[in-house]
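Right, one structure below, let's go through it.
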Ligand code: EPU
């Protein structure tokens, strides 16, 4: 099994390009199922999760593949979708595949998708997705680990989510595009990935308004058409690369990213002492006077992203002074903590908060990646650690970071992958 070996120490500097957003891409790929025709997305990151979504789309009968000769383009033709069923073996690999449910249900009046189950970062139910489909008139039945939904035709409705859910908002928003009449989603997620999906749905001919705010209105239309779209840069990858620079005392510029969608991340970096320079589609961070401890609380957008929690924690391990990092989105997203402790980090966990005493010298150690962002946090820590760190179970990283070791090497890191 692949592992990444990092020799900590070198200051990272230079320019690196952010890939397209993984989480935008996954929702956009599901949206292609709404269309009786071909959709093409460019700037799609080459990731295991994208491959997993392609597999699901093919399983339901779509014609979905990477375009030959264009390494970051996928084409999805939804005209021959025949089997609105997403099997357990595929869905369990990636929870985001549950997002095919809304498009399949609204277009075909029936969908059967495996319940995704829990995952490493928490229980992660899909009750809010189902609440949405039911509000639109879907009949939901749980059957041997599958969610089966049927409808003679979805009807627009008003609905308030009990918790803010990104994929839930996206799933129900997609279902509402082909429903009869108007749907109003209250307490909708405001993440940039929701906004991008709404934009793409509108390009397809949908009528979605208010995305980016907490009330989204969707007026159903008869049909949607295929489009071409270039996926926005990945704000979490960009943030990860900036922390990778800062933790080493370096100076990194990330291009291909709109800084406006990563404001809360940049604000915390500034608070920790970083100088952050914004350009059009690029951002640069360095901390010539070192980093200081801060408090970070994760929250739905526009709050600090949970997907950047492990990386900031790793960075704060080498800051001057104490920090408190509180996780409010997922109940179990601290699996990187015991691994960071093995690298010498001084962290005490208390409920949903991690208390860090900074000014640590981290030591290289063999560590275990447990989920995607935890792995990213360990990589960041490894870059600052004395000596060699081996990050095992790298497949987690490959789910969400394209060629991460190459990108880090380009900035001067001593990183290699071993098979
Ligand atoms: N929740 C419910 N019921 C639901 C749905 C969610 O209780 O029906 C709870 C979850 O258990 C969690 C909270 O609501 O405590 C927020 O979860 P959300 O639904 O917003 O997460 P998600 O949509 O499943 C997406 C990203 C995650 C990211 C979260 C939060 C994708 C494919 N995934 O997940 O990304 O952490 O939003 O921002 O868009 C990652 O990239 O590493 C990743 C995990």
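The values are calculated or read from the model by the stated rules, or taken from the named source; none is laboratory data. From a predicted model like this one, the values you see are computed outputs, not experimental measurements. All Cβ positions, glycine included, derive from the backbone under ideal geometry; neighbour counts span all protein chains shown.
Could you run through the stretch 87-136 and say how many residues are within 14 Å of the ligand (Cβ to nearest atom), crowded, with 20+ Cβ neighbours inside 10 Å and assigned to a strand (DSSP E or B)?
Here the count works out to 1.
Quick one: count up the residues across the stretch 42-62 that are in contact with a strand residue (DSSP E or B) (Cβ under 6 Å, 6 or more places away or on another chain), within 19 Å of residue 104 (Cβ to Cβ) and outside any loop (DSSP other than H, G, I, E, B).
Counting residues in the stretch 42-62 that are in contact with a strand residue (DSSP E or B) (Cβ under 6 Å, 6 or more places away or on another chain), within 19 Å of residue 104 (Cβ to Cβ) and outside any loop (DSSP other than H, G, I, E, B) gives 4.
Kindly establish whether residue 370 is within 16 Å of the ligand (Cβ to nearest atom) and modelled with pLDDT under 95.
Values: within 16 Å of the ligand (Cβ to nearest atom): yes; modelled with pLDDT under 95: yes.
It is true that residue 370 is within 16 Å of the ligand (Cβ to nearest atom) and modelled with pLDDT under 95.
Filter the stretch 294-327 for residues that are surrounded by 19 or more Cβ atoms within 10 Å (Cβ to Cβ) and away from the ligand (no atom under 16 Å from the Cβ); which is farthest from residue 360 (Cα to Cα)?
294
With the checklist (1) free of Cβ contacts under 8 Å to residues at least 24 places away in the same chain; (2) over 28 Å from residue 370 (Cβ atoms) in hand, flag the one item residue 14 doesn't pass.
Evaluating residue 14 over (1) free of Cβ contacts under 8 Å to residues at least 24 places away in the same chain; (2) over 28 Å from residue 370 (Cβ atoms) leaves (1) as the failure.
Report, by residue number, each residue of the stretch 184-207 that is away from the ligand (no atom under 15 Å from the Cβ) and assigned to a helix (DSSP H, G or I).
Those that are away from the ligand (no atom under 15 Å from the Cβ) and assigned to a helix (DSSP H, G or I): 199, 201, 202, 203.
I'd like the full set of residues that are assigned to a loop (DSSP other than H, G, I, E, B) and more than 16 Å from the ligand (Cβ to nearest atom), limited to the stretch 328-355. Give the derivation first.
Going through the stretch 328-355, the residues assigned to a loop (DSSP other than H, G, I, E, B) turn out to be 328-335, 343-345, 351-352.
343, 344, 345, listed by residue number.
Mind listing just one residue for me: the one in the stretch 377-400 that is touching a helix residue (DSSP H, G or I) at 6+ places or on another chain (Cβ under 6 Å) and more than 12 Å from residue 8 (Cα to Cα) and, of those, modelled with the highest pLDDT?
Step by step, filter the stretch 377-400, then rank; the result is 377.
Which residue out of 292, 270, 359 is modelled with pLDDT under 95 and over 25 Å from residue 164 (Cβ atoms)?
The conditions single out 359.
Going through the stretch 12-32 one residue at a time, which ones are more than 16 Å from the ligand (Cβ to nearest atom) and on the phi < 0 side of the Ramachandran plot?
Correct list: 12, 13, 15, 16, 17.
Kindly indicate the residue of the stretch 154-169 that is assigned to a helix (DSSP H, G or I) and closer than 9 Å to residue 129 by Cα and also farthest from the ligand (Cβ to nearest atom) among those meeting that condition.
For the stretch 154-169, the residue satisfying everything is 169.
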